[in-house]
Structures are given as structure tokens and as C-alpha cells.
Amino acid sequence: MGIEFRNVGKTYRDGTVAVADFSHVVASHRIAALVGSSGSGKTTLLRMVNRMIDPSNGTVLIDDEDIQGLDKVRLRRRIGYVPQAGGLLPHRTVVDNVATVPVLNGTSRATARGNALDLLTLVGLDASLASRYPAQLSGGQQQRVAVARALAADPNILLMDEPFGAVDPIVRRELQDQLLRVQAELGKTIVIVTHDVDEAFRLADDVVVLRTGGVVAQSGTPQSILASPADAFVRDFVGADRPERTLTTTEVDGQRLVVDADGRPVGILR
Amino acid sequence: MTTFLDALTWIADPANWGGAQGISARLLQHLAVTLVAVLAASALAIPLGILIGHTRRGRGVVVALAGAVRAIPTLGLLTLLALLLGVGVEAPLLALVALAVPSVLAGAYAGIESAEPAAVDAARAMGMSELQIVRNVELPLGAGVLVGGLRAATLQVVATATLAAYTSDTGLGRYLFIGLKARDYPQMLAGAILVAVLALLLDRLLATAQDRASRLAHSTEGTP
């Protein structure tokens, strides 16, 4: 069950190999992160799930069904998609952006708008923003709208392509927390693509570290990857040797203080 | 200067306005020829432009062809068509359609292409069909540019529609041809002034339309 990549590859006509041979299973109701630098094929893999890209070889299965045989448009309408930045329809209000897919599916505009307002609340936006246009919102607000829009047709699967990459670190943190709250409530199967290991570790139950060309360097829980990186590449990529990941304790005023390798305090050990 | 005043006097003379040869009738004919030519060109060029803009294919070929059509002198084309089709309004109409097509086409594909790629990609990923992408995203976002193409085409056609009088008794161009033949320069100038005023009025009208259409894409101003 869930999403299965079975020996998928993507070679473009000019001979560029985006993904060589990738196999992985994303379990239902969990968050999986595909993490890698640019050229790792992570976005290509993500876009194979809603057939924005068709693999040159191999198959992608959703709940054991080969999606190659499915109608693209219908497949995409049952999969939520959150692009990196922008992607909202600039000529439509926030509420109409969120209502897009339900309206395409034949839900009446009034009903779809009503549901859209609930979704805005779910992603932490004030209903008063509903009648604004995307350009009148901050980057963080726009990404919240994008998440609400992706959830509007109540899909089982949510695909997120560097969803919080274009906002500043503080807003990114808020958006990540919001996503975790939403996930605790809805339990979707989420695939998130990011180049930010910290984001992957914060959000995902299951992390896949990719090398160039979609080669799996290591996959597993954030804990297992950090505890035992498979090789020097993973070790370096997840920053296992970075000062902020190498913590020690020291005693100050009777408290056991956790400090990083530079001696900066991180927290208190209980 | 006296010719100019004479021309204005000629236009102001109520006797020149009535009847089948009058200014009112010729204005309407001129407008009708312009409208038919632009509509016919649109029926041809807008779907083609949308296709090119949406698929990003065939642009090179079509742009080269449109450029070639643009290079054809309208008067030459008109003469050729008149020799083939005989006297009447058909030949000038065809020549005017050929004149209008490149501008309308350019406006259509440039408009469609101007739609924000991220929005188009997201629309596709959400499950809009290609037709729905055109209708719900690319057309509203490109409407301003598209209407701009129509505006340019209309301006060219309304000015060149004087040539309709070359092979038929149609439009304001008649005053120019009659005036030239009879060396009645005030009448000639009057015809030219009427065409210019008509062109300016149409342009204002289409500028307003273009403005409205552009606002479809940039719904950012105004109270939220």
C-alpha cells in the first residue's frame, strides 16, 4: 500500500539521465522526504507520482495500481500538489484558488467556497483573507493557501515540491509546524521534496537521501540516518559532524546544559 | 490652410451627410468593412495563436509566415485579388484580412505565452485539462496582450480600409478617390480627416477594452 516506485528511471531525449534506477515504497499515512542536492532527481521522482513526468522505464504504483494506465487529469485531481513558490492563480481570489479542484470536479461554487473557508482556518489563515488576491499576501501566507488548495479535494496523497523553500527561516518553521499539526489531524500520505536536511528530519517519518541521478544513498528514519550514516556522503550531507549536531552536556548552576561542539547552549537535559 | 477649412466646411455641410453617398452611410460601410476584416482575421488567427502559445510549437514557422505576409504591400495584394475576383468588396476584404492576421496572431500567442509558467504548471498538476488551462489560466492572464493585438490590427485595418473604394463603392475611401479624380482637394482631405477621427475613436475604445482585459490578470489593486 502507499506509493511504490519500482525500478523507475528517467532519461531525457538529449541523453541526460535524471534518474537511473530508483525503487522505494512510501507507506500510507506517513510523511516521506526525498532529500538531495540539485541534480539528484528528487523533483523528477515527485512529479512521476502525479504523472507530470512519465518515467522512461519502471512503474509507479499507488495502492498497488500501476498509474501508467490511469487518466492523467483524473489521477492529478485525487492527488494534492504544493509547488515551491507562486503557483496560485494570480487572477483568482484566495477562496477561489482553494476551491479550484472541487469546482473542476463538479462541486457547486457555493459549497466549494464554504469548504475552502474551513480549510483556510485549518492552515492557520484568517477568513478575512479569503477575498484577497495572491499578490496581496505574504510569501508565507501564499504557501498556506497552496497547502489549503492541495487539500481541498480531500486527496489521500499530498506531493510537496520544496514547499517552504522560498520563505524566510522563521516563517518556514511556522509552516513546518502547521503541516505537522494538519498531518496529525488528517493522516495523509505525504511526499515532500527538499534540499534541506533539517526540514526533512523535522517533518518526515521516512527520509530518502539521494545522490546525483536518483541513486539512494540511504533511506530510513531520521534517527537511524543520523545515528548511523551509511557512508561519507550521507555523513557529510546530513552534517553528522557539524558542530550543531555534535552535542555534549556540561553542568552550569546545577543544571545539565546541552551544548554543541562550539560550546553554544542548545537546551537543558532533563 | 484654406483647404483644411474648406474640408471642415465640407464635413459640416448637412447636405453631405444624408443619402446613399452621404457621410453617415460611408462611415457605417467603413466601420462594417473594418469589423468584418478584423473578425475574420480573429477567427483565423486567435485559435492558431492560442495553439502556438499553449503548445510552444510551430512558432518559428508561423512567425516567419506572418512576417512574410506582413511584407506584402496591401495595395499590390489588392490589385492582384481584384484581378482574380473582379470588382467588388471581396478583394479589399481579403487584403484587409491578410493585413490584420499577423498582428492578431502575434497578440494571441504572446498573450498566451505571457501567462506565469508557475501558475500554468500548478494548474496542470492540480488536474486541469489542457483546454481548461487555456480557458481558466492562459486566456485570462493573456487577455490584455491579446486585445492589444486586436487593437493594433484594427488600427491598421481602419486606415487601410480606404482601399475598399479602389474596387468598389464602399467606405470613406470613396471621398479620396473621387476627390483625387475631380481635383476636389477639400473633399479628399475631408475623407482623410474622417478616417483619422474614426481610427482615433476606435483606438480609444479598444484601449479601454485592453485596460479592462489586463485587469483580469493583475487583480491586485483596489480594496480587497
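The values are calculated or read from the model by the stated rules, or taken from the named source; none is laboratory data. Being a predicted model, the structure only gives us computed values, none of them experimental. Reconstructed Cβ throughout: ideal geometry from the backbone, glycine too, with neighbour counts over all protein chains shown.
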request  = Please state which one of B:Thr160, B:Thr154 is more than 14 Å from chain A (Cβ to nearest Cβ) and either closer than 20 Å to B:Gly88 by Cα or not β-branched (Val, Ile, Thr) (or both).
outcome  = B:Thr160
query = Would you pick out the residues in the stretch A:45-83 that are surrounded by 19 or more Cβ atoms within 10 Å (Cβ to Cβ), more than 8 Å from chain B (Cβ to nearest Cβ) and touching a Gly at 6+ places or on another chain (Cβ under 7 Å)?
reply = A:Leu45, A:Pro55
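Go through the stretch A:25-135 and tell me which helices (runs of 4 or more DSSP H), entirely inside it, have 2 or more residues that are under 22 Å from A:Glu174 (Cβ atoms).
A:94-98, A:109-122
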key: Qualifying residue in the stretch A:136-145 (condition: part of a helix (DSSP H, G or I) and touching a strand residue (DSSP E or B) at 6+ places or on another chain (Cβ under 9 Å))   = yes
task = Among the candidates B:Val101, B:Val61, B:Val145, B:Val97, single out the residue that is of a type in the set (A, V, I, L, M, F, W, C) and either without any contact (Cβ under 8 Å) to a residue 24 or more places away in the chain or on the phi > 0 side of the Ramachandran plot (or both).
result = B:Val61
task = Please tell me if A:Val73 is at negative phi, assigned by TED's automatic domain parsing to the domain that holds A:Ala166 and touching a residue at least 12 places away in the same chain (Cβ under 8 Å).
result = no
remark   = Contact list, first residue from the stretch B:199-213 and loosely packed, with under 12 Cβ neighbours inside 10 Å, second anywhere and not hydrophobic (A, V, I, L, M, F, W, C), beta-carbon distance below 8 Å, six or more apart or interchain, is B:Asp211/B:Gly144
Restricting the stretch A:125-142 to residues that are within 9 Å of chain B (Cβ to nearest Cβ) and without any contact (Cβ under 8 Å) to a residue 24 or more places away in the chain, the residue that is surrounded by the fewest Cβ atoms within 10 Å (Cβ to Cβ) = A:Ser128
remark   = Taking the stretch A:33-44 and keeping only residues that are more than 15 Å from A:Tyr81 (Cβ to Cβ) and either surrounded by fewer than 24 Cβ atoms within 10 Å (Cβ to Cβ) or not assigned by TED's automatic domain parsing to the domain that holds A:Thr189 (or both), one is left with A:Ser37, A:Ser38, A:Gly39
note = If we ask which residues in the stretch B:152-186 are touching an Asp or Glu at 6+ places or on another chain (Cβ under 9 Å) and surrounded by fewer than 23 Cβ atoms within 10 Å (Cβ to Cβ), their number turns out to be 6
request  = Mind listing just one residue for me: the one in the stretch A:212-269 that is in the same structural domain as A:Phe201 (by TED's automatic domain parsing) and in a strand (DSSP E or B) and, of those, farthest from A:Lys10 (Cα to Cα)?
outcome  = A:Gly220
ask   = Of everything in the stretch A:96-124 that's within 12 Å of chain B (Cβ to nearest Cβ) and within 23 Å of the chain's Cα centre (by Cα), which residue is farthest from A:Ile62 (Cα to Cα)?
value = A:Asn97
ask   = Identify, please: which residue in the stretch B:116-143 is in contact with a His (Cβ under 8 Å, 6 or more places away or on another chain) and either charged (D, E, K, R) or more than 9 Å from chain A (Cβ to nearest Cβ) (or both) and is, among those, surrounded by the fewest Cβ atoms within 10 Å (Cβ to Cβ)?
value = B:Glu130
inquiry  = I'm trying to understand the selection: among the residues of the stretch A:159-201, which are aliphatic (A, V, I, L, M) and in contact with a Ser or Thr (Cβ under 7 Å, 6 or more places away or on another chain)?
reply    = A:Val193, A:Ala200
message = Which of the helices (runs of 4 or more DSSP H) found entirely inside the stretch B:51-115 contain at least 2 residues meeting this: surrounded by 14 or more Cβ atoms within 10 Å (Cβ to Cβ) and at pLDDT 95 or above?
response = B:90-113
